[in-house]
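Following: one structure in structure tokens, then a few remarks.
Just so it is clear, none of the values below were taken in a lab; they were calculated from the coordinates. Everything quoted here is computed from the prediction, not taken from an experiment. Here the Cβ is made from the backbone with ideal geometry for all residues, glycine too, and neighbour counts use every protein chain on show.
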Amino acid sequence: MPPTALRRRRKFPSKLCRCFFVSLLNSSTIYRIDAKAELLDEPLIKSESASPEAKANVEPMSVDSEEKASPVKNVKKEPKDVEDRITDKKVTTIGLNSTSASKEDMENYDPSADSYHPLKNAYWKDKKVTPYLALARTFQVIEETKGRLKMIDTLSNFFCSVMLVSPEDLVPSVYLSINQLAPAYEGLELGVAETTLMKAICKATGRNLAHIKSQTHLIGDLGIVAEQSRVSQRMMFQPAPLNVRDVFRKLREIAKISGQSKMDLVYNMFVACRSSEARFFIRSLIGKLRIGIAEQSLLTALAIGLVKKNHIDECKASKVPEVYKDEIAETTLLLKTAYCQCPNYDIIIPAILKYDIKELQDRCPMHPGMPLRPMLAQPTKGVHEVFERFGGMQITCEWKYDGERAQIHRNEKGEISIFSRNSENNTAKYPDLIARSTGLLKGDVQSYIIDSEIVAWDVERKQILPFQVLSTRKRKNVDIEEIKVQVCVYIFDLLYINGTALVTKNLSERRKLLLEHFQEVEGEWKFATALDTNDIDEVQQFLEESIKGNCEGLMVKTLDEEATYEIAKRSRNWLKLKKDYLSNVGDSLDLVVIGGYKGKGRRTGTYGGFLLACYDTENEEYQSICKIGTGFTDEDLQTHSEFLGKHVTDTAKSYYRYDQSLEPDHWFEPVQVWEVKCADLSLSPIHRAAIGIVDGERGISLRFPRFIRIRDDKNSENATDANQVAHMYQSQDQVKNNQKSSTQMEMEDEFY
Ligand SMILES: Nc1ncnc2c1ncn2[C@@H]1O[C@H](COP(=O)(O)OP(=O)(O)OP(=O)(O)O)[C@@H](O)[C@H]1O
Ligand SMILES: [Mg+2]
Ligand SMILES: [Mg+2]
């Protein structure tokens with residue numbers, strides 16, 4: 001079955017549309033806001049000698065002490081006097097054009113409510129500056145939400161409000177929602193040590209360090225401890241309320257400075273935090289927001305927010321949800337596609353606000369220095385399958401090198417950047433490549449982007465070394481003098497040259513330009529060994545040669561037809577043919593470790609087994625696929641236990657799908673990906689991988705899974721996708737032949 005036929009219908013747009021419509025239709029409420037109440041949002045001074053009138057307008061000094069780490073939905077009733085100030089006096093009824101925010105609006109801010117109206121409920125609309133509190137409350141409700149669709153809808157409501165009333169805050173709001181300070185590839189990290197934060201919290205709240213430490217140990221979250229500690233905070237001056245753009249600016253500043261001034265800045269910001277702001281400010285600094293919003297959810301939320309914004313005025317009963325469903329799906333696709341070639345919100349967001357979404361791809365072009373999502377390949381299990389797929393199309397076979405994918409960029413200034421498969425900036429890892437990069441050029445080359453594989457190289461024997469050798473190379477702060485593992489780069493594609501993107505050209509043209517502008521240097525820069533042939537025996541022989549040449553097998557690619565470079569796609573125009581998978585599964589899987597089982601016997605003191613999951617990109621959830629206890633050395637288990645022990649969570653994440661019978665001793669955050677091989681894939685009554693694709697009730701599990709290695713170059717959203725799992729299951733011979741063996745009960749590994 002072709003992979004497209006495996007795709008389930010996307011469920012979420014219609015549900016989201018429903019939420020959207022409910023929220024728009026319920027939005028005719030008339031709001032009562034006290035004109036005076038806006039004063040409550042200003043910086044206030046507590047003064048014992050203040051006049052009674054003055055006092056009436058002053059936020060009580062104890063406001064923090066009244067705030068609890070309570071969910072937004074259980075908003076505490078204000079004391080009568082405050083309530084009076086908001087509602088009793090000078091009550092004015094206003095509609096859409098309200099100009100002032102009431103404390104009530106602020107306290108009740110809940111973008112997850114069915115009645116939420118992105119314009120009417122954006123209580124900051126008169127000031128046009130987004131309060132950090134609105135974002136923190138959004139995070140708070142998202143954290144309490146179970147379903148991913150609802151989480152995304154909530155975030156889209158907030159984004160829509162920002163787009164409508166304070167659009168210049170959209171960039172910082174987006175970065176804060178995924179806890180980044182800049183595009184991921186710039187690698188700007190906060191790096192504030194937990195003890196520094198604890199000290200700042202102590203100083204601000206008067207609590208002692210031992211207390212904060214023990215609370216953090218107990219609760220497992222310094223963010224919550226920080227929020228609760230603020231109950232004891234007393235101060236003469238209530239600092240000005242925080243807003244999104246200042247918080248973002250300050251976080252960037254914090255990332256760039258060190259020592260006492262860093263500590264002071266953290267302290268000053270923390271003191272100004274109100275209610276849940278403290279929780280999320282501290283979590284941002286730690287680097288774990290814990291709201292479960294990652295890149296794909298964020299992009300979906302942005303797209304939905306954009307559609308909501310575009311229809312904010314015209315949403316009448318005459319507009320049927322179906323109309324929006326398609327628009328949401330199209331907008332999401334266009335946005336995600338543009339993001340693959342331009343993963344930079346500083347560029348994308350102003351463009352979506354200014355131009356039609358259909359222009360986005362042209363408005364945000366690729367350019368050197370900014371990684372694009374690499375094209376990926378489909379696994380196959382034999383030369384015959386390759387020929388079945390490609391029919392009469394002209395193909396080329398290239399050796400498949402087993403190293404690390406590298407997208408190498410040179411901009412007009414001559415600066416070189418190297419990006420991993422996962423678009424991480426690996427430039428600092430390869431100073432040796434940068435030093436010798438001019439040797440590669442032939443003729444007039446100012447800028448380029450090449451696609452390649454870096455492999456470890458034995459300089460004396462002049463041969464490729466296994467991946468394991470490359471993985472021992474230092475990752476950061478590499479000093480060129482101290483490099484022990486030499487590397488050679490095997491180039492297989494050219495995506496950009498001298499200001500022109502080549503991704504829409506065919507491989508044969510791209511290859512021609514590659515050979516025209518670049519040259520090989522022995523043991524440093526090589527073109528991937530290739531053979532253009534449509535002869536099945538020659539392909540078979542070339543495969544054998546590639547194995548003798550220390551490669552994994554072949555990559556088979558179309559040359560002229562259907563041969564463009566498909567950014568971010570797992571394309572059927574690139575097939576991988578791996579020697580050791582020719583007869584069974586076709587490929588290894590890259591799975592996320594979501595739980596650990598305590599070891600027994602020899603494995604006491606470490607985890608003895610783990611629960612693994614694949615990633616379902618459509619529902620954005622992790623689905624259990626197998627338990628694993630094989631393939632680990634004692635040292636591996638030690639390393640895994642130490643690392644994963646730092647990422648234990650109290651309960652399973654709301655976006656983990658598993659059967660109760662699999663409940664591990666510890667759940668983990670989805671932080672690590674492992675490459676795993678298995679004997680085959682079978683239908684499972686317990687596991688949830690690809691559930692609903694192949695079978696409505698049963699998922700798919702791996703039989704005899706074996707740990708191969710950690711995939712540092714993949715994050716958990718790059719793990720093997722549910723559709724890939726389904727495809728691998730379907731491609732097995734026994735399934736194809738409809739034999740019953742695939743329905744046998746799973747055989748789990750023993751962990752002892
Ligand atoms: N000639 C080549 N053309 C393309 N890719 C190559 C070539 N030689 C080696 N590679 C590497 O092979 C990879 C594809 O196969 P591999 O099984 O290693 O993928 P992966 O990194 O595990 O990702 P996935 O399993 O998600 O496809 C490419 O990403 C690239 O790093
Ligand atoms: Mg590889
Ligand atoms: Mg792989």
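Observations on the structure shown:
- Using a cutoff of 8 angstrom between alpha carbon atoms and counting only pairs six or more residues apart, the relative contact order for the range 376-581 works out to 33 percent.
- Per-residue HN-Hα couplings for the range 195-209 [Karplus 6.51, -1.76, 1.60; θ = phi - 60°; Hz; x = Gly/Pro]: 5, 4, 5, 4, 5, 4, 5, 4, 4, 7, 10, x, 7, 8, 4
- Rel. contact order, % - alpha carbon contacts under 8 angstrom, at least six apart, the range 537-634: 16
- Ranked by the mean number of other Cβ atoms within 10 Å of their residues, highest first, the peptides 675-687, 496-508 come out as 675-687, 496-508.
- Cross-link table 146/646; 476/569; 413/526; 474/600; 474/598, entries beyond 26 Å C-alpha to C-alpha: 476/569; 474/600; 474/598
- The peptide list 708-718, 549-559, put in order of mean Cβ contacts within 10 Å with the highest first, becomes 549-559, 708-718.
- Built amide H within the under 5 Å cut-off of residue 494, gap 5+: 451
- Once you reduce the range 376-394 and the range 587-609 to the center of their Cα atoms, the two points are 36 Å from each other.
- Euclidean distance between Cα centres, the range 519-543 to the range 408-439, Å: 25
- For residue 465, the residues whose amide H sits under 5 Å from its own are 456, 457, 458, ignoring neighbours fewer than 5 places away on the same chain, with H placed 1.01 Å from N.
- Debye intensity ratio in log₁₀ form over the Cα atoms of the range 376-581, taken at each q of 0.11, 0.14, 0.16, 0.18 Å⁻¹: -0.51, -0.84, -1.10, -1.36
- Residues with amide H under 5 Å from that of residue 607, placed H, sequence gap 5 or more: 599, 641
- Per-selection Rg to Rh, the range 588-737 - Cα, Kirkwood hydrodynamic radius: 0.95
- The range 121-337 - charge dipole about Cα centre, Lys and Arg +1 at Cβ, Asp and Glu -1, debye rounded to 20: 720
- About its Cα centre, the range 376-581 has a charge dipole of approximately 660 debye under the convention of +1 per Lys or Arg Cβ and -1 per Asp or Glu Cβ, with nothing else charged.
- Cα-centre dipole for the range 588-737 with unit charges at Cβ (Lys and Arg positive, Asp and Glu negative), debye to 20: 560
- Separation of the range 212-277 and the range 105-151, taken as the distance between their Cα centroids, equals 21 angstrom.
- Ordering 342-353, 255-266, 454-465 by mean Cβ neighbour count within 10 Å, with the highest value first, yields 342-353, 454-465, 255-266.
- Whole-number percent relative contact order across the range 588-737, with pairs defined as alpha carbons under 8 Å at least 6 apart: 29
- Dipole of the range 171-276, positive direction: furthest Cα of 188, 275, 224, with charges on the beta-carbon: 275
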